[in-house]
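K.L.:
My questions will all concern the structure given below.
The values are calculated or read from the model by the stated rules, or taken from the named source; none is laboratory data. As the structure is a computational prediction, the values presented were derived from the model and not from experiment. We place every Cβ from the backbone using ideal geometry, glycine too, and count neighbours over all the protein chains shown. Heavy atoms of the whole protein, side chains included, go into the accessibility calculation; ligands, DNA and RNA do not. Shrake-Rupley method; radii C 1.70, N 1.55, O 1.52, S 1.80 Å.
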Amino acid sequence: HAAPPSSFARERNVQPRARPAVKRVAVLSDVHGNAPALEAVLAEVEQAEADLIVFGGDLTWGPLPDETFELVRGLGARFVRGNADRAVLENVSETEREQWMQAHHTDEMRELLASFEEQVVVEVDGLGPVRFCHGSPRTDEECVTPETPEERVLEFSEGVAERVIVTAHVHIQFDREVAGIRSVNAGSVGLPYEGPPGAYWALLGSDVELRRTEYDLDEMIERYRRSGQPGVEQIVEMMVEPPEPREVIDHAEKVVFAG
């Protein structure tokens, strides 16, 4: 994933308080600095008349952090802190790419990232209380996939009251019932590990609606290449030919925790 492995992965025992129920929640995760994708999704979110946007983490860590920040400032959304957002705040800068990322986050951008919540709970009409986290309820680096065994789901949901848990981090979209939990991933807006190319997100209301938004991939590639981010060609390649979900799932289930 975009952020490096971190020694700061730790269990969290966060119990955020839910606010009044809302009808429709748009879930946008793993934008990874892909401003063109985010702009396209936000237009569809407006058409869908979502009452609230919840960002699932890893927002600006990518080739276009400034442009991404400009799109979200003033949105009135709620933000979950991902491991990449945390890497910015922890000043992780061991590689050339990490140094570039730190240099392209202003104090104002860091202030926004610092305001992100560890986890978010929202009462959604039709679904009840929904918990949003990046990795899992116990750490932002846990990989939850459509094939995560029941035993591990029981482990990471221990002490969690909500029966709908929306995770991110693995960049794969899914909706499954397991161990008495509805385990959902909205997919990745900016760097999906699945095809066809596009921006993946979800709309929660009386049910879970998994969505994909198309946008101008050529424009995105051109802007990425102009960004100057080290290693950007590798990201471009992944955008044009996304990894196979099978490969991603097998790796995620093998490592379990990944930065």
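K.L.:
Filter the helices (runs of 4 or more DSSP H) completely within the range 44-112 down to those with at least 3 residues that are at pLDDT 95 or above and closer than 23 Å to Phe132 by Cβ.
P.N.:
Answer list for the range 44-112: 65-72, 83-89.
K.L.:
Does the range 173-188 hold any residues that are open to solvent by 10 Å² or more (accessible area, probe 1.4 Å) and part of a loop (DSSP other than H, G, I, E, B), and which are they?
P.N.:
Result: Ala179, Gly180.
K.L.:
In addition: Might you check whether a residue that is in a loop (DSSP other than H, G, I, E, B), modelled with pLDDT of 95 or more, under 20 Å from the mean Cα position of the chain (by Cα) and among the β-branched types (Val, Ile, Thr) occurs anywhere in the range 189-207?
P.N.:
yes
K.L.:
Scan the range 228-240 residue by residue and report those that are under 20 Å from His171 (Cβ atoms) and either part of a helix (DSSP H, G or I) or small (Gly, Ala, Ser) (or both).
P.N.:
Once the filter is applied, which keeps residues that are under 20 Å from His171 (Cβ atoms) and either part of a helix (DSSP H, G or I) or small (Gly, Ala, Ser) (or both), the range 228-240 yields Gly231, Val232, Glu233, Gln234, Ile235, Val236, Glu237, Met238, Met239, Val240.
K.L.:
Go over the candidates Leu191, Leu204 one by one and state the one that is closer than 26 Å to His104 by Cβ, touching a residue at least 60 places away in the same chain (Cβ under 8 Å) and crowded, with 19+ Cβ neighbours inside 10 Å.
P.N.:
Within the list Leu191, Leu204, the selection yields Leu191.
K.L.:
Related question: Determine the pairs where a residue that is farther than 19 Å from Glu111 by Cβ and among the charged types (D, E, K, R), located within the range 85-96, has a partner that is assigned to a loop (DSSP other than H, G, I, E, B) and open to solvent by less than 60 Å² (accessible area, probe 1.4 Å) with Cβ atoms under 6 Å apart, the partner being 6 or more residues away or on another chain.
P.N.:
The qualifying pairs are Glu96/Pro230.
K.L.:
Kindly list the number of the only condition in (1) open to solvent by less than 20 Å² (accessible area, probe 1.4 Å); (2) within 16 Å of Phe132 (Cα to Cα); (3) free of Cβ contacts under 8 Å to residues at least 40 places away in the same chain that fails for Arg163.
P.N.:
(1)
K.L.:
Identify all residues within the range 207-243 that are open to solvent by less than 60 Å² (accessible area, probe 1.4 Å) and among the β-branched types (Val, Ile, Thr); write none if there are none.
P.N.:
The answer is Val208, Thr213, Ile221, Val232, Ile235, Val236.
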